Amino acid sequence: MKKQRPVHLDLQTIRFPATAIASILHRVSGVIMLFAVGILIWMLSESLASAESFAGIQSLFDNLFVKFVVWGILTALGYHLVVGVRHLIMDTGRWEELDSGNASAKAAFVIAAALSIIAGIWVW
């Protein structure tokens, strides 16, 4: 019996809808924040230990890499928050249709990008 299944999937031709991308990135941002919590707690602990350690943490922000990491954490937090609110609204039965779901996912991308730009301005 010959099955008509594809033997080779060309992953470059498969296009995910905006809703799927929003959901996948929501999970990725959650994982990023899981690891970021350790960094943020360490920074808070060090900054509260003494005036010298606060100055040490403050001097870390002169490094471009540290600024980039903090900006990445803030971007992940902003995206996770925006898409999390979108998911909560969807839990109430709104934005579950195809058109409104795609529109809300695209709106979440725009809002998250704006928050990322704001975070970048604040960090730098």
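So the values come out like this:
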read-out: Calculated semi-axes √(5λ) of the Cα gyration tensor in Å (choose from [x] 20, 17, 14; [y] 28, 19, 13; [z] 38, 19, 13), label; value: [z]
read-out: Mean accessible surface per residue for the chain, computed with a 1.4 Å probe while every protein chain stays in place, in Å²; value: 74
read-out: In sequence order, calculated HN-Hα J values of segment 20-37 (Karplus, 6.51, -1.76, 1.60; Hz; x Gly/Pro); value: 5, 4, 4, 5, 5, 5, 5, 5, 5, 5, x, 5, 4, 5, 4, 6, 5, 4
read-out: Of all accessible heavy-atom area on the chain, the percent that carbon and sulfur account for (1.4 Å); value: 70
read-out: Theoretical FRET efficiency, 1/(1+(r/R0)^6), r = Cβ-Cβ of Leu98 and Asp10, R0 30 Å, to 0.05; value: 0.75
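The values are calculated or read from the model by the stated rules, or taken from the named source; none is laboratory data. For clarity, every value in this text was computed on a predicted model and none was experimentally measured. As a convention, Cβ positions derive from the backbone with ideal geometry for all residues, glycine included, and neighbour counts pool all protein chains shown. Keep in mind that these areas ignore ligands, DNA and RNA; they rest on the heavy atoms of the full protein, side chains included. Shrake-Rupley method; radii C 1.70, N 1.55, O 1.52, S 1.80 Å.
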